[in-house]
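See below for the structure under consideration.
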Amino acid sequence: MKTSARNQFKGSVEAVNLGAVNAEVKVDLGSGDHLVAIITNESARNLELAPGKPVVALIKASSVILMTGEGAMTSARNRLCGKVVACTEGAVNGEVIIGLPGGNQLTSIITNESIRKLGLAVGGEVCGLVKASSIILAIEG
Amino acid sequence: MKTSARNQFKGSVEAVNLGAVNAEVKVDLGSGDHLVAIITNESARNLELAPGKPVVALIKASSVILMTGEGAMTSARNRLCGKVVACTEGAVNGEVIIGLPGGNQLTSIITNESIRKLGLAVGGEVCGLVKASSIILAIEG
Amino acid sequence: MKTSARNQFKGSVEAVNLGAVNAEVKVDLGSGDHLVAIITNESARNLELAPGKPVVALIKASSVILMTGEGAMTSARNRLCGKVVACTEGAVNGEVIIGLPGGNQLTSIITNESIRKLGLAVGGEVCGLVKASSIILAIEG
């Protein structure tokens, strides 16, 4: 499986919480990092998701919001914090890569204006926010 | 709290409707504008959301779809209409800023091709569509 | 109705499955292609969605993840496969258009790096993944 999603995190299912239409799936990335995804119940059934099952979490770089500063709480179920390891401006959008403590890297595409507003530079502390509903889970064939 | 989200609207919680997995939260922006966000129940509990609580709604510019013309209805719970106050083309994507009646501004990133197809220019009428599931709610620390 | 969404697919409602907060709506694109959208119950009611009702499905090009290769399964409810009919790199992001068997075209915006990593070129086989929650349904006025 090769996808255009810049973030592909290997992990295993920790828990599946079925709702009326949607299901909440917790994924252990095995490095101290965890993710929560919201998918439909039908997908959870089709993929036969259950605790222990290996999955790959796909997150588009454009789905990540970056945040700096202390104390704020958000509704985003995924908050992945680390240090900026790369920061490149483009024409309108730029790319910021965060090194996470467990060794994974989170790539985000934000506007150049946001890069400047947040003062992002290599070595700086930053958190990536990802809504649970922005994550696709995959099972390798 | 500083985030890369180009749209950060201050408001207060109007209502919280808990579902099986997800919750629907209505936010009053205090200027005649309102937003609806879908977050998980767990987030609604963690943030202790209740009517009157101050929150900040974060919306990525890339989550906004622009629409012109009359009469169409959409499933997007948030439809924020106003006049174009800025319209800038980039290499592939461009930025369009809408001035809302209550004084807020909504920034969107769409493709240059869409800017031309919709004939967008400063002063023109346009609506920004935002799915409730694209909104992150934050509480300042 | 004119919108900035690069993908606007005409179809008709096949089924509506109401949940606690969200509803799952199946749409027949009439060419052998089908879509599943997750919208709120309130939107389903406001739009008076019922089997047979004509709708337009709006999908932002930036909501599409491209995938190549066989065997993988994903939680994305929409998997639209075909041949690349156009592939253009920009400064950071590029545009890839997929011709679907039924005649529709699916436009996606991904990073140049992903275009190269997947080896995308005109004529190649590729699938576009779209989360059900990324789709907005519209009714023309």
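Some notes on this structure:
Okay, residues lined up against (1) within 19 Å of B:LEU137 (Cβ to Cβ); (2) charged (D, E, K, R); (3) in the same structural domain as A:SER12 (by TED's automatic domain parsing):
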{"position": "A:LEU35", "(1), (2), (3)": "no, no, yes"}
{"position": "A:ASN41", "(1), (2), (3)": "no, no, yes"}
{"position": "A:ARG79", "(1), (2), (3)": "yes, yes, no"}
{"position": "A:THR107", "(1), (2), (3)": "no, no, no"}
{"position": "A:LEU118", "(1), (2), (3)": "no, no, no"}
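- Single residue of region B:1-19 satisfying the filter (closer than 30 Å to A:ALA121 by Cα and at the interface with another protein chain (Cβ under 7 Å from one of its Cβ atoms)) that is modelled with the lowest pLDDT: B:MET1
- Checking A:ALA72 against (1) touching a residue at least 12 places away in the same chain (Cβ under 8 Å); (2) touching a strand residue (DSSP E or B) at 6+ places or on another chain (Cβ under 6 Å), the condition it does not meet: (1)
- Hits in region C:30-53 (condition: touching a Lys or Arg at 6+ places or on another chain (Cβ under 7 Å) and in contact (Cβ under 8 Å) with a residue 24 or more places away in the chain): C:VAL36, C:SER43
- Residues of region A:23-47 that are buried (at least 20 other Cβ atoms within 10 Å of the Cβ) and over 12 Å from the mean Cα position of the chain (by Cα): A:ALA23, A:GLU24, A:VAL25, A:ILE38, A:ILE39, A:THR40, A:SER43, A:ALA44, A:LEU47.
- Candidates A:ALA50, A:ALA91, A:ALA86, A:ALA121, filtered to the one that is surrounded by fewer than 17 Cβ atoms within 10 Å (Cβ to Cβ), at pLDDT below 90 and not in a helix (DSSP H, G or I): A:ALA91
To keep it simple, each residue is scored yes or no on (1) part of a loop (DSSP other than H, G, I, E, B); (2) farther than 20 Å from C:GLY123 by Cα; (3) more than 13 Å from chain A (Cβ to nearest Cβ).
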site: C:LEU58; (1), (2), (3): no, yes, yes
site: C:GLY71; (1), (2), (3): yes, yes, no
site: C:ARG79; (1), (2), (3): no, no, no
site: C:ILE98; (1), (2), (3): no, no, no
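- Top-ranked residue of region A:124-141 - restricted to ones that are closer than 22 Å to A:HIS34 by Cα and touching an Asp or Glu at 6+ places or on another chain (Cβ under 9 Å), ranked as surrounded by the fewest Cβ atoms within 10 Å (Cβ to Cβ): A:ILE139
- Any chance A:LEU66 is in a strand (DSSP E or B), more than 9 Å from every other protein chain (Cβ to nearest Cβ) and buried (at least 16 other Cβ atoms within 10 Å of the Cβ): no
- Residue within region B:109-117 that is farther than 21 Å from A:ASN93 by Cα, over 11 Å from the mean Cα position of the chain (by Cα) and surrounded by fewer than 16 Cβ atoms within 10 Å (Cβ to Cβ) present: yes
- B:GLN8 meets all of the listed conditions (1) under 29 Å from A:THR40 (Cα atoms); (2) buried (at least 18 other Cβ atoms within 10 Å of the Cβ); (3) under 15 Å from the mean Cα position of the chain (by Cα); (4) of a type outside the set (A, V, I, L, M) but one, namely (2).
- Under the condition of being among the aliphatic types (A, V, I, L, M), more than 14 Å from chain C (Cβ to nearest Cβ) and either in contact with a Phe, Trp or Tyr (Cβ under 6 Å, 6 or more places away or on another chain) or part of a strand (DSSP E or B) (or both), the residues counted in region B:20-47 number 2.
- Scanning region C:124-141 for residues that are within 13 Å of chain B (Cβ to nearest Cβ), of a type outside the set (A, V, I, L, M) and in a loop (DSSP other than H, G, I, E, B) yields C:LYS131, C:GLU140, C:GLY141.
- Cβ-Cβ under 6 Å pairs, at least 6 apart or on other chains, region A:112-138 side closer than 10 Å to A:VAL96 by Cβ and touching a residue at least 24 places away in the same chain (Cβ under 8 Å), far side among the polar types (S, T, N, Q) and not in a strand (DSSP E or B): A:SER114/B:SER4
The values are calculated or read from the model by the stated rules, or taken from the named source; none is laboratory data. The model shown is predicted, which means the values in this text are computed figures rather than measured ones. As a convention, Cβ positions derive from the backbone with ideal geometry for all residues, glycine included, and neighbour counts pool all protein chains shown.
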